[in-house]
Amino acid sequence: MSSVDAATRVLRGRARATREIVTPEGVTLSVELAQHGERATAFMIDLFFWFCGSLLLFLTFMVLVVRGWVSIFAVSILLFISFIIRNFYFIHFELAWRGMTPGKRIVGIRVIDRHGGPLLPSAIVARNFTREIEMFIPLGILLSASGAGPIPWERLMLAIWLLSFVALIFVNRDRMRAGDLIAGTIVIALPRQRLLDDLVERQASFVFTDRQLRAYGAFELQVLEDLLRRPDGPGVPLILGEVCGKICRKIDWREPVAEADRLRFLRDFYTAQRAFLEREQLFGRKRADKHDTAGDGRQ
Amino acid sequence: MSVEALHEPQPAPGAPPPALPDSAGITLKSSEFRRTREAGWRDLERLIDAAEKRGIRALAPDDLQRLPLLYRAALSSLSVARAIALDRNLLLYLENLSLRAFFVVYGPRSSMLEGCARFLRTDFPAAVRAARLHLLLAVVAMAVGAAVGFALTVRDEAWFSTLVPAPLAGGRGPESTRASLLAQEIFAPWPGFGVALGIMANFLFSHNTLVGILTFSFGLAAGVPTILLLAYQGLMIGAFVALHYNRDLTVDFLGWTAIHGVTEIGAILLCGAAGLVLADKMLFPDRYSRVDSLARHGRRAAEIALGAVLMFFLAAILEGVFRQLINNTPGRFAVAAVTAIGWFIYFARPFGRRR
């Protein structure tokens with residue numbers, strides 16, 4: 001996968017951090033870690049849903065059951081209802097939607113087991129319950145400014161407590177919060193990949209020699225693939241012309257390529273190059289890029 | 001349909017037509033490979049799309065049966081493609097498809113109700129049983145604290161104000177008389193349903209829950225603060241008992257405390273045990289890395305802590321409602337005994353099958 005990774009790094013600018021999991025079948029799959037911003041966004045969306053739900057239930061409760069008394073009990077009951085709802089919310093959705101809450105689904109991220117095992121219900125319970133400890137309960141105590149609350153040094157400690165948990169996500173490599181640490185999970189991004197048409201040309205009008213095809217490696221091939229897959233745009237013919245010229249110089253292609261034939265030439269070159277490199281790879285001579293000497297066959 | 005059948009090239013509806021016999025053209029192994037397998041991938045993709053959108057229950061029984069077979073076929077395609085193909089789009093697609101299928105095939109199977117029932121029925125008691133040594137250590141820490149607190153306060157009541165912070169003392173202290181304690185604390189009048197509900201709802205934010213949660217979380221700090229917090233809780237309990245002992249109210253006070261204290265102190269001890277499990281597995285990771293060891297046992301510890309929060313909730317109901325309703329000491333002891341026996345049977349499972 002190294003050539004794919006290398007090509008991705010060039011084509012997408014800054015690549016995401018990836019981790020590898022091994023499925024029970026023994027196949028290694030690489031997953032992309034979710035970014036801090038994505039996780040924060042998903043969390044905000046979930047908080048919004050939770051807030052609306054709690055408020056609705058609270059208002060119904062206040063109107064139907066206990067019309068009249070407000071003050072400290074109202075606050076307590078609101079906190080209580082919100083506690084129940086948010087735990088049901090997170091745990092229910094992560095179980096039913098296999099590691100996604102509505103917020104995570106909108107953003108396109110999900111929770112998985114760190115080593116690729118099945119995501120167990122106990123892990124989901126653990127990671128969400130730890131969220132209570134690391135965030136909601138300290139926050140609730142800090143915000144509930146009732147007179148009978150804890151004494152000030154406890155509040156200070158709670159503030160430090162909250163901050164250190166937020167800091168934890170930024171200091172560990174896998175961007176785990178305390179809940180992920182305890183439950184053995186990570187949060188990944190899973191953008192959808194579509195299968196596009198094969199670029200291989202069946203009828204070749206340009207024929208290349210092995211010597212010419214040896215000029216490039218898998219990395220260049222995949223960058224060329226990306227260029228050929230690009231939808232038509234204003235700049236594309238210009239780039240095609242430039243790339244075409246460069247390749248011709250590199251492989252000593254003497255005959256000039258007409259402007260109308262450029263795309264055809266490049267596709268033929270792609271096909272021939274891929275056929276050549278894949279054949280070489282089958283014989284154990286992998287060639288990662290043009291600087292790689294392993295596939296030269298001349299050493 | 002067998003697994004072998006899926007690996008075989010098979011013409012499927014919607015598959016591209018067979019390759020034209022071309023003499024001048026080039027045949028790429030990877031293209032041929034793709035042409036013969038693509039129908040299976042598309043089929044899997046369709047199933048996964050449906051499962052992701054409407055849940056796995058939306059799939060027809062026939063599709064459900066094919067899903068794991070198609071998933072394994074996709075994985076094997078990925079392995080082959082990695083060896084023979086240099087088509088970046090194809091490799092990325094297969095990896096993405098396998099990953100998405102993997103999450104559908106190996107996703108959690110139970111609904112929340114099943115999960116909760118399972119948690120209460122087996123997981124929570126089993127986690128507590130597995131942590132019994134840690135629980136013992138927590139009990140010892142608190143008992144030592146209580147003994148020291150009692151010994152200090154019974155001789156010099158000035159210790160009471162030192163050990164118990166003012167908000168918790170709630171006006172009680174060395175200057176309290178026997179009569180004032182009886183009237184305002186032990187047999188205080190029933191304040192009404194509203195206040196009781198308030199106390200119940202307030203359980204989450206009460207001092208004891210906070211202490212329980214801190215006790216658990218401080219396990220991450222190697223467990224020393226956990227032990228200290230447990231001992232400090234013991235000190236306060238000891239001081240309270242001594243205050244009442246000096247006024248000949250020990251039995252009534254114990255009844256007043258025990259009706260919810262059995263559950264509440266039990267919950268604090270469980271939080272402490274969970275914190276000590278975290279500390280233990282972090283300090284002594286055995287043959288795993290510290291992070292892995294924490295992940296292996298952290299779930300257990302979190303289960304104990306979650307169960308303990310439920311116990312705090314029960315304790316709040318006992319405190320807010322039953323303690324005020326049952327206004328005599330023998331009755332309170334009876335309820336306390338029932339809860340103690342109940343918890344013992346629940347956790348230790350002396351009868352019936354153990355998991």
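The values are calculated or read from the model by the stated rules, or taken from the named source; none is laboratory data. Being a predicted model, the structure only gives us computed values, none of them experimental. Methodologically, a virtual Cβ is constructed for each residue, glycine included, from the backbone with ideal geometry; neighbour enumeration extends over all protein chains shown. For accessibility, only protein heavy atoms count, side chains too; no ligands or nucleic acids. Shrake-Rupley method; radii C 1.70, N 1.55, O 1.52, S 1.80 Å.
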**Message:** Here's a check for you: in the range A:144-183, which residue that is open to solvent by 20 Å² or more (accessible area, probe 1.4 Å) and of a type in the set (G, A, S) is modelled with the highest pLDDT?
**Reply:** A:A167
**Prompt:** Which of (1) at pLDDT below 75; (2) surrounded by 15 or more Cβ atoms within 10 Å (Cβ to Cβ) does A:F276 not meet, given it meets every other one?
**Reply:** (1)
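Of the residues A:V257, A:V236, which single one is crowded, with 17+ Cβ neighbours inside 10 Å and among the aliphatic types (A, V, I, L, M)? Talk me through it step by step, then tell me what you get.
Details: A:V236 fails: crowded, with 17+ Cβ neighbours inside 10 Å.
Exactly one of A:V257, A:V236 is crowded, with 17+ Cβ neighbours inside 10 Å and among the aliphatic types (A, V, I, L, M), namely A:V257.
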**Message:** Just the residues that are open to solvent by 40 Å² or more (accessible area, probe 1.4 Å), touching a residue at least 40 places away in the same chain (Cβ under 8 Å) and either within 9 Å of another protein chain (Cβ to nearest Cβ) or among the aliphatic types (A, V, I, L, M) (or both), please, taken from the range B:26-51.
**Reply:** B:K29
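Restricting the range B:104-113 to residues that are more than 8 Å from chain A (Cβ to nearest Cβ) and open to solvent by 40 Å² or more (accessible area, probe 1.4 Å), which is modelled with the highest pLDDT? Before you say what the answer is, go through the steps one by one.
Taking the range B:104-113 as the starting set, the residues that turn out to be more than 8 Å from chain A (Cβ to nearest Cβ) are B:105, B:109, B:113.
The next check asks that each one be open to solvent by 40 Å² or more (accessible area, probe 1.4 Å); those that pass are B:109, B:113.
Values: B:R109: 71, B:L113: 78.
So, considering only residues that are more than 8 Å from chain A (Cβ to nearest Cβ) and open to solvent by 40 Å² or more (accessible area, probe 1.4 Å), the one modelled with the highest pLDDT is B:L113.
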**Asked** Do we find that A:L263 is open to solvent by 60 Å² or more (accessible area, probe 1.4 Å) and farther than 23 Å from A:Q281 by Cα in this structure?
**Response** yes
**Prompt:** more than 10 Å from chain B (Cβ to nearest Cβ), buried (at least 17 other Cβ atoms within 10 Å of the Cβ) and at pLDDT below 85 - does that describe any residue in the range A:184-202?
**Reply:** no
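Please tell me if A:R98 is within 21 Å of A:S122 (Cα to Cα), open to solvent by less than 50 Å² (accessible area, probe 1.4 Å), at pLDDT below 85 and facing chain B (nearest Cβ under 10 Å).
Yes.
Within the range B:279-324, which residues are part of a helix (DSSP H, G or I) and among the hydroxyl-bearing types (S, T, Y)? Steps first, please.
Start the filter on the range B:279-324 by keeping residues that are part of a helix (DSSP H, G or I), which leaves B:279-283, B:290-324.
Listed by number, the list holds a single entry, B:S293.
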**Item:** Options B:A85, B:A60, B:A101: the member that is open to solvent by less than 40 Å² (accessible area, probe 1.4 Å) and more than 9 Å from every other protein chain (Cβ to nearest Cβ)
**Value:** B:A101
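So that you can scan it fast, the table gives a plain yes or no per residue for (1) out of contact with any Leu (no Cβ under 9 Å at 6 or more places or on another chain); (2) in contact (Cβ under 8 Å) with a residue 12 or more places away in the chain; (3) over 19 Å from A:V31 (Cβ atoms):
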{"residue": "B:K53", "(1), (2), (3)": "yes, no, yes"}
{"residue": "B:D63", "(1), (2), (3)": "no, yes, yes"}
{"residue": "B:I84", "(1), (2), (3)": "no, yes, yes"}
{"residue": "B:R88", "(1), (2), (3)": "no, no, no"}
{"residue": "B:F103", "(1), (2), (3)": "no, no, no"}
{"residue": "B:R118", "(1), (2), (3)": "yes, no, yes"}
**Breaking point among (1) open to solvent by less than 40 Å² (accessible area, probe 1.4 Å); (2) more than 9 Å from chain A (Cβ to nearest Cβ), for B:P68** = (1)
**Message:** Given the criteria of a type outside the set (D, E), surrounded by 16 or more Cβ atoms within 10 Å (Cβ to Cβ) and either more than 27 Å from A:I124 (Cα to Cα) or touching a helix residue (DSSP H, G or I) at 6+ places or on another chain (Cβ under 8 Å) (or both), does B:A348 qualify?
**Reply:** no
**Prompt:** Would you say B:A239 is surrounded by 24 or more Cβ atoms within 10 Å (Cβ to Cβ) and under 22 Å from the mean Cα position of the chain (by Cα)?
**Reply:** no
**Request:** Could you tell me whether the range B:245-259 includes any residue that is open to solvent by 40 Å² or more (accessible area, probe 1.4 Å), touching a Gly at 6+ places or on another chain (Cβ under 9 Å) and either in a helix (DSSP H, G or I) or under 27 Å from B:F119 (Cα atoms) (or both)?
**Result:** yes
**Request:** Say whether the condition of being more than 7 Å from chain A (Cβ to nearest Cβ) and more than 16 Å from the chain's Cα centre (by Cα) is met by at least one residue in the range B:118-128.
**Result:** no
**Request:** Determine the pairs where a residue that is among the aromatic types (F, W, Y), located within the range A:97-112, has a partner that is assigned to a helix (DSSP H, G or I) and open to solvent by 30 Å² or more (accessible area, probe 1.4 Å) with Cβ atoms under 8 Å apart, the partner being 6 or more residues away or on another chain.
**Result:** A:W97/A:R105
